[in-house]
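A short write-up of the structure that comes next.
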Amino acid sequence: MICSIISIGTELNLGLILDINSKYIAERVTDLGIECRYMFTVSDSVNDISDALLRSLECSDMVIINGGLGPTDDDVTKKAVASSLGLNLVRDKSLDNYSMRFIRDKKEKDIIKRLLRQSYLPEKSFPIKPRLGSASGFRIETEDGKFIICMPGVPKEMRSMFEEDVVAFLKDIIKRDALNRTGIKIRKSILLTTDISEAEVEERIKEIIGPAEKINIQIGITAEPGLIKIILVAKAADDVIADRNLKIIEKKISDRLGDYFYGKDNSLISDNLKKAINKAKDKLTISVAESMTGGLISSIITDTPGSSEFFSGGVVSYSVSSKVNLLGIKGNDIEKYGVVSEEICIEMAKKVKDIFGSDYSLSVTGFASPGSEIIKAGLVFCGIIGPDGYEKVFKKVFPGSRVEIKFRTAQFILNELRLAIIESTSAVKVNKR
């Protein structure tokens, strides 16, 4: 089954806000086995919406629209859909209570009239009542058996309606052989890497692309600062074959990437750190001393549920005085080696380990902006102290803006800690880069 996605909103076309709805819908329909081939972003114009809808219907079995269902003058999606299909808008009084959900003064007739616009739908459509917000959605089947699904544009309202109502409908129509024209099942997988460039990833896996294509798997690479995603999309006659083929290519790619590969799909690097800790024989704890990252590492760790089981705490020693007064680092050492140095970095790790009594400790110090004419932005020292005399310091130079350098640093050191724990608790050493 092929679908198109249309996002409505002049603010999207002007670049004032990001179109996160299309991304979400595309990911979810792919999970369900529906192939999204086309996306449109159009302004709040009946003609533009109608044009995008008619184009989408020509090349898709289903069109999913979000946005333009509210009570204001620029909410014209329903009018555009009705016009495209040659239908009238009719009032569904069962929606009135939802449309009036947030009214403050029922004496204002003009306000009531405006809000009740949300109760009008194209005739022959099936209403989707909102669990959040006041804008109702709807779905309609065209004369040639294609579906149009309309949802609100507010992200949380759209997601609620999609998950609570639309998903069940999609699963039902997928089962209808007549609509599943291609007879193809789709499965996807996302492999996550860090501390490696997009070009390096492509070079390492280039010999896998051919074998992947032979079993109908497409490989795509997308880059973010500190995070390269390898997206695998498998198509097969049934789910079992698609999943089996995915696992084959996943194994080939992860073997080629070695330590750069740290997880799958939507997992955080801290989720995969937790997995490594849970596999250890003894209950391990970690602590963090951060300078340049300003608490980002601690924040990422605590984004993982259950992190309190292994995260003892952290110290954000951003200034020189905090390194001296909170961590107990000698001022003479800072003056001698410099605040951004291997010596101060490892000392930070030692001190925070003593403070929290943790098994492992991390430390980071560096420049997120140019420190001088000689020392440029991106110079970072990262340290790890662990059991049995384990001690490592990494000197890195990360490119990018302040935010990007901080994120690259956090990703890097958390992955290095993950690898250190895996190696120390496993008979088989991790795959070196």
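Every number in this text was worked out from the coordinates using simple rules, so none of it is lab data. Quick caveat, the model's predicted, so the values are computed rather than measured. Neighbour counts are summed over all protein chains in view; Cβ atoms, including those assigned to glycine, are modelled from backbone coordinates with ideal geometry.
So the values come out like this:
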quantity: Separation between Cα centres of the range 45-87 and the range 132-159, rounded to whole Å; calculated: 11
quantity: Whichever lysines have a C-alpha closer than 24 Å to that of Lys235, once near sequence neighbours (fewer than 8 apart) are set aside; calculated: Lys23, Lys146, Lys171, Lys175, Lys185, Lys188, Lys206, Lys214, Lys247, Lys251, Lys252, Lys264
quantity: For the range 185-264, convex hull volume per residue from C-alpha positions, Å³; calculated: 70
quantity: Straight-distance crosslink candidates among lysines, where the alpha carbon sits under 19 Å from Lys351 and sequence neighbours closer than 8 are dropped; calculated: Lys323, Lys330, Lys336, Lys392
quantity: Along principal axes, Cα extents of the range 3-145, largest first, whole Å; calculated: 48, 37, 29
quantity: Given 14 as the ceiling on other Cβ atoms within 10 Å, longest exposed-site-free region of the chain for chymotrypsin sites (Phe, Trp or Tyr not before Pro) in DSSP loops; calculated: 103-389
quantity: Cα-based Rg / Dmax (Å) for the chain; calculated: 27.0, 81
